[in-house]
Each structure stands twice: as structure tokens, then as C-alpha cells.
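Just below is one structure, and these are the notes that go with it.
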Amino acid sequence: MSIWLQSLLLFLANIVLLSLYLHLSHKYHWFDHPNEERKLHSVSKPTSAGLVFMISLPFFIYFGKCIESNISLVSSLGLLLFIVLGAFDDFFHISVKIRLLLITIFSLVLVYTIILSHANVSYGIIFVFALGVIWWMNLYNFMDGADGMAALHALVTLIGYLVLFMNSEIQSVNILLILTIASLSAFLIFNFPKSKMFMGDSGSLSVSFLVATIALYGISKQVFDEIVVITFHLTFIVDATLTLFTRLKFRHKISQAHNLHLFQSMINTGQMPHYKVSLIYAFVTLINVSIALIMHLSEFEIRIRVFVLLFQMVVLSIFWFNFYQKTKFQRFRQ
């Protein structure tokens, strides 16, 4: 069976399963209630759809032999853990400390397994990579709020990774990428332009872990480098990082839920509806991904690529600060 037929069948199967899950959620009230400060929705809707559209991927990773056995074991177990952990958090809520501890443990194990087995690097480098994965998983969860926001970002960046792997000698990962894209595309039908359900933590934690696995694997195999990965996810990185530092400046309790990310403020101030904000973020991500692909595949010098990355960071940061400076950071002062 060709990969394209497999992905089509998975896409259709996920649509059926998500439709069933939507029906059962309404019947048994498996809802996400808008009672937290970070929520952008005023109506309760079904949540934890990641439990449905991501659940087949850990088994494919382990049995599909798309990556080495030791990596497939760690990544499939980690992915399954975060699907279940996220679902439990969606419905019953778990301690932030417990969730952070599990993210930290599996980030270290994932980085150690992938990076150390394919490259001669120090433990300090492993620690730095692990910090990057921990921050990535948390910021992706933070940025999951507007209709289609997280799913569109993942789709655009995964397509970028697919292009890079297709232009390399590592072809086995393409199957995993295509199946993941098919799964996310099925979910997007229920989440955009107006959401009928949310991916929940079961989706955001598992998707971010899988994206981190693919990024680390590509780096370890020298298919691409860290500059490509940072550029791909720059829109989320800049928004989440500047928001965190600004909250620290205004002495907010970091563990407290909030709705101060730029995309949340754009929606809450009534400037734009959810789908337009998500499309803007996806479009900017598409531009960043395209620039990274062109420069990497054209083998631009690393100093030029670093300069372009810094320029992109500055441009996105200027937009972020200009938005909040119009009101002198009033939303952070409340």
C-alpha cells in the first residue's frame, strides 16, 4: 500500500473518529469550560481531540521502522505518555510541577537518545538541547488557544521538514511526516475556521513532542541545522518569549494562567476574529519557513543565515512591542 493511500485512509478514519468523538463529547459533556484566565472562548466546547487524531502515531513510529529502534522506542513511549497525560490533564487537571517534571525527564531522555547516539557532543550540549525541547513543549501549549492556531503552525512547519527530508538521503521519516500531516489536517476540519472542538493538552503536548523528535532527528542526521529549526518556529518563539520576559518585568506569577500573548491580545481587544489572527500567524510562519528552506537548500553561508535569522527576530519583536506600546502595556498592568 502506498504512503499516499495510507495517509488518505488515516485522514478519512480520523474524520470519522473525530465526528464520533464530537457526538460523544456532547452526549457526555466532555467539555472545556471557559473559566480560566487564558481562555479565549466564551462557549464550552469538546476538548482533548488529540486523544483521537494522535493516538495511531506512537504505534506507527514503533512498528513502522521509520527511525532506528532505540529512538523509535523512546519517541513512541514519550508520545503515548503525553497523549495520555494531556488527556488526564484536560479532564481532571494535574499539578503543574508533575507535568513539568515529566516533560523535563522525557526531554532529557529524548535528547540523550537522539543526539548522543548520532553525534560526538558533550553533556552540556545535551542539556542545552533539552532546555530547548522543554521550552518548546511549554510554549506550544501556551500558543494553543485561537481556532486553528496550533494546528496550522504544526502543518506549515511539518511540510517544511518534509521538503528537507525529501531532499536528503533519509527518506524513511517522510512516511511519519505525511501521516502526521494527514492526522492534523483531519483535526483542522473540526478546529478551523470556527472550532467545534479543541486539541487540548493531549494534542498540544503530543504534537509538540513529535515535532521536537523530528527536529532533533534531522539535526542529528545533518539534514538541517539549529538555524532552520529556530526559523521554522520563530513566530511562536518570539511571542511566547517576549510575553514571558514582560510578565517577569511586571512581576506576574509565572505559573498563573493568562491571556497576554500577542495573538490573545489581538483577539481580546476586538481587533480581529480568531481565524484571521491564526491565518496571520500561519502566513508569517510560511514566510519564515520559505526563507529557511531557500537559504538552506541553496547552501548560503552560515553567517548570512544567522544574520537573516536575527533580522527576522528583530522585525517580529518590533511588531510585538509596537502593539503593546500603543497602550503602554496596559494589559500587563492589570
If residue 264 passes every condition in (1) surrounded by 22 or more Cβ atoms within 10 Å (Cβ to Cβ); (2) of a type outside the set (D, E, K, R); (3) under 24 Å from residue 308 (Cβ atoms) but one, which one does it miss?
(3)
Please state which of the following conditions residue 124 fails to meet, knowing it meets all the rest: (1) farther than 24 Å from residue 243 by Cα; (2) assigned to a loop (DSSP other than H, G, I, E, B).
(2)
Find the residue count for the stretch 169-209, including only residues that are under 15 Å from residue 66 (Cβ atoms), in contact with a Gly (Cβ under 9 Å, 6 or more places away or on another chain) and of a type outside the set (Ser, Thr, Tyr).
5
Single residue of 243, 235 found to be among the β-branched types (Val, Ile, Thr), closer than 27 Å to residue 173 by Cβ, assigned to a helix (DSSP H, G or I) and at pLDDT 95 or above
235
Under the condition of being more than 21 Å from residue 177 (Cα to Cα) and of a type in the set (Gly, Ala, Ser), which residue from the stretch 72-90 is surrounded by the most Cβ atoms within 10 Å (Cβ to Cβ)?
86
For residue 241, are the conditions met, namely being among the polar types (S, T, N, Q), crowded, with 18+ Cβ neighbours inside 10 Å and closer than 25 Å to residue 309 by Cβ?
no
Just give me the residues in the stretch 184-200 being in contact (Cβ under 8 Å) with a residue 60 or more places away in the chain, assigned to a helix (DSSP H, G or I) and out of contact with any Phe, Trp or Tyr (no Cβ under 8 Å at 6 or more places or on another chain), in sequence order.
189, 190, 200
Exactly one of these conditions fails for residue 105: (1) buried (at least 18 other Cβ atoms within 10 Å of the Cβ); (2) among the hydrophobic types (A, V, I, L, M, F, W, C); (3) closer than 25 Å to residue 254 by Cβ. Give me its number.
(1)
Filter the stretch 271-302 for residues that are in a helix (DSSP H, G or I) and among the aromatic types (Phe, Trp, Tyr); the one that is surrounded by the most Cβ atoms within 10 Å (Cβ to Cβ) is 281
Being surrounded by fewer than 24 Cβ atoms within 10 Å (Cβ to Cβ) and under 18 Å from the mean Cα position of the chain (by Cα) narrows it down to one residue among 178, 170; which is it?
178
When you go through 203, 218 one by one, which is the residue that is part of a helix (DSSP H, G or I) and either buried (at least 24 other Cβ atoms within 10 Å of the Cβ) or hydrophobic (A, V, I, L, M, F, W, C) (or both)?
203
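Matching residues to (1) closer than 23 Å to residue 230 by Cβ; (2) modelled with pLDDT of 95 or more; (3) of a type in the set (Asp, Glu):
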position: 67; (1), (2), (3): yes, no, no
position: 77; (1), (2), (3): no, yes, no
position: 86; (1), (2), (3): no, yes, no
position: 99; (1), (2), (3): no, no, no
position: 121; (1), (2), (3): yes, no, no
position: 126; (1), (2), (3): yes, no, no
position: 134; (1), (2), (3): yes, yes, no
position: 142; (1), (2), (3): yes, no, no
Number of the exception - residue 308 against (1) farther than 17 Å from residue 153 by Cβ; (2) in contact with a Phe, Trp or Tyr (Cβ under 6 Å, 6 or more places away or on another chain)
(2)
Residue list for the stretch 45-98, restricted to those being among the β-branched types (Val, Ile, Thr), more than 25 Å from residue 9 (Cβ to Cβ) and in a loop (DSSP other than H, G, I, E, B):
47, 94
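The values are calculated or read from the model by the stated rules, or taken from the named source; none is laboratory data. Computed from a predicted structure; not experimentally measured. FYI the Cβ positions are ideal-geometry reconstructions off the backbone, even for glycines, and counts take in every protein chain you see.
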